[in-house]
1. Looking only at other chains, what is the average number of their beta-carbon atoms within 10 angstrom of each beta-carbon in B:195-201?
2. Spin-label point model (7 Å from Cα, Cβ direction): what's the residue B:319 to residue A:199 distance in nm?
3. Between residue B:291 and residue B:277, what is the label-point separation in nm under the 7 Å Cα-to-beta-carbon projection?
4. Would you mind checking B:88/B:361; A:238/B:104; B:67/B:318; B:168/B:249; B:361/B:382; B:77/B:338 for any pair whose Cα atoms are more than 30 angstrom apart?
5. Between residue B:27 and residue B:180, what is 0.36 nm times their sequence separation minus the Cα-Cα distance? Round to one decimal in nm.
6. Could you give me the ³J(HN,Hα) list for the stretch A:89-95, computed from phi with Karplus coefficients 6.51, -1.76, 1.60 and θ = phi - 60°, whole Hz, x at Gly and Pro?
7. Once the piece of chain linking residue B:152 and residue B:34 is laid out straight, how much longer is it, given 0.36 nm per residue of separation minus the C-alpha distance between them?
8. Using packing as a proxy for protection, rank A:3-13, A:179-189 so that the peptide with the highest average count of other Cβ atoms within 10 Å comes first.
Amino acid sequence: MSARLASRFLKERAAGRKLFVPFLTAGDRGLSFTRRAVLRLAGLGVDAIELGVPFSDPLADGKAIQASSQRALQRGTTLTGILKLIKQLRRDTNVPLLLMGYLNPFLHPTPLHNIAAAARAGADGFIVPDLPPEEAHDWIRQCRAWDVDTIFLATPTSTPQRLQAIARLSTGYIYYVSVTGTTGTRQHLPTDLQAAVGRIRQVSPLPVLVGFGISNPEQAGRTARAADGVIVGSALVKTLAGRVTDAQALGKLSKLAGAMLKAVKKR
Amino acid sequence: MASNHSGWFGAYGGCFAPEVLVPAVEELKAAYRQARRDRAFRRELDENLRNYAGRPTPLDFAARLTKAWAGARVFLKREDLNHTGSHKLNNCLGQILLARRMGKRRIIAETGAGQHGVAAATVCARFGLPCRVYMGTEDMQRQALNVHRMRLLGAEVVAVDSGSRTLKDAMNEAIRDWITNVRTTYYLLGSVAGFDPYPTLVRDFQTVIGRETRRQILQRAGRLPDAVVACVGGGSNAIGIFSAFIRDKRVRLIGVEAGGLGLASGRHAAPLQRGRVGVLHGSRSYIMQDQHGQILSTHSIAAGLDYPGVGPELSHLKDSGRAWFTAINDDQALAAQKEMSCQEGIIPALESAHAVAYARKLARDLGKGKIMVINVSGRGDKDLKPGDPA
């Protein structure tokens, strides 16, 4: 596991606290906004940040992250630019940073080039929703060589055999997608969460973080109690949309993230 | 034929699907493995192809085109005469029987030109299953007749307004639906693209085109053709007719991509000629993308070819040199549609007209005494709008 992620998670676990990991699309409102947002979230005390690498065809995402990816691409966001940003951020923060994105942008010029560049920049891991374990052998090998985490997604449809493979190949944490569906906020959360998380814990010692659908602090707190922590994307990304100034967007983002963090950390 | 047990065709293919879909994909693979060995399944499919689709479709000698082009003898594989007006029904019949076998009660599909959407709506009507078809708003406008047909057949047509509002975006939306309703829903994919097993599954259900053509040309001409020409969008009609000739090394296999406003203009849909290798919609193949791996907008007058990807097996056939690919521009396709209509009394779809346009050049290059087959993958009624000058 990446040292930054490991020390953070161990510390929280020792204190009996749950984990809160926000997601932002890198380059939404521009990369310099992303820089300010990351520093603000890190300042709040989030446990890690997932930075979305925007893709033109985000087929597992709902409307909010589709729109956010589009906004980022319209501003000319590229993986190279995102890695440059991470390198800069590393002068100011130690918050674990995970790159989350679809496979195709990571293939150019080559996967190895990008994995190495990400590691050198100070990224801690990758989450690639359209790269299932079966197709990930070379990817994992190269990530291990550069000591960046490979976080695989588990879902309600994953069979016991698949859960084992996901557990075996994941480092850092396991991302449990709590619903069958695309990303996006939901009114109701699944009721069988505890059982699902229990099935993953049987096969993996890693923290199980639950994502997809969490829309408010109350849901975040409740979900965190059923697992090791939560990941929130769409609800936060929505605060960046629309005709508001960067300062207003940053205010809305940190207010919501702060409230969620508090709900998650409350014992 | 390329080995494809794991869904790979040489360096192309694979199953780059989100985790939530992988178990459903595995279930589909297992069901298909069983079905293809099951005599009752094959019998039911054959019966439907014969009595419902009207197969075999004719292999027609095009006497006037042969004369006008003053070269090779031209034969037309008449997939436009298949029920619903294109080859798409072959695949839909196969997959609907599979869906029924799997106990799936809800069918979704994507469509570009609307030919696959119509075929999907048709089999859903015949087997009494609800059908939802995703279609880009740009395509709904230019293929309005097919939208009407789908609705008449009882399907729900969902307008997709994201991205380039064409086939690529319809497919994104269909995949999102499947992710959401994966437990109950069967995704009836229309081309040889997408994640494993679709490229294999759809290919297998389309090989009937090639098998018939081979038998028919041997009967009619006493020998194999010198060339087989088909248009390539995702590639299902091409792989369907090519498959029966892949081992016959002397038969030239030619795929015609959409040249749009010209390959040099960048406004085209020719990933095999101008694309680079990447992963789109779950398989590794040639795709149209920028240097950062973002998918590019494509352009073709033929909605069914207006797609930035291509089936992985075709990418493999390109690299191995077994098939050769070229492009025909919008204006050439329009001219070919008109020429074939006047010369043979057959109005080909604009997609198929790309193959016809290239065949015109090829006829002369091959010369007299040679034989070629054009796959007329669909009929062109859908392309006609009231008020257009003929």
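Please treat every number below as a calculation from the coordinates, not as lab data. Here the structure is a predicted model, which means the values were calculated and not measured. Note that we place each Cβ from the backbone using ideal geometry, even for glycine, and neighbour counts take in every protein chain shown.
1. Mean partner shielding for this stretch: 1.
2. Those two pseudo-labels are separated by 3.6 nm.
3. The two pseudo-label positions are separated by 2.1 nm.
4. Where the Cα-Cα span goes over 30 Å, the pairs concerned are A:238/B:104; B:67/B:318; B:168/B:249.
5. 53.4 nm
6. Whole-Hz 3J(HN,Hα) from phi for the stretch A:89-95: 4, 5, 6, 10, 8, 9, 4.
7. Difference between extended and current length: 39.1 nm.
8. Put in order of decreasing packing, that is A:179-189, A:3-13.
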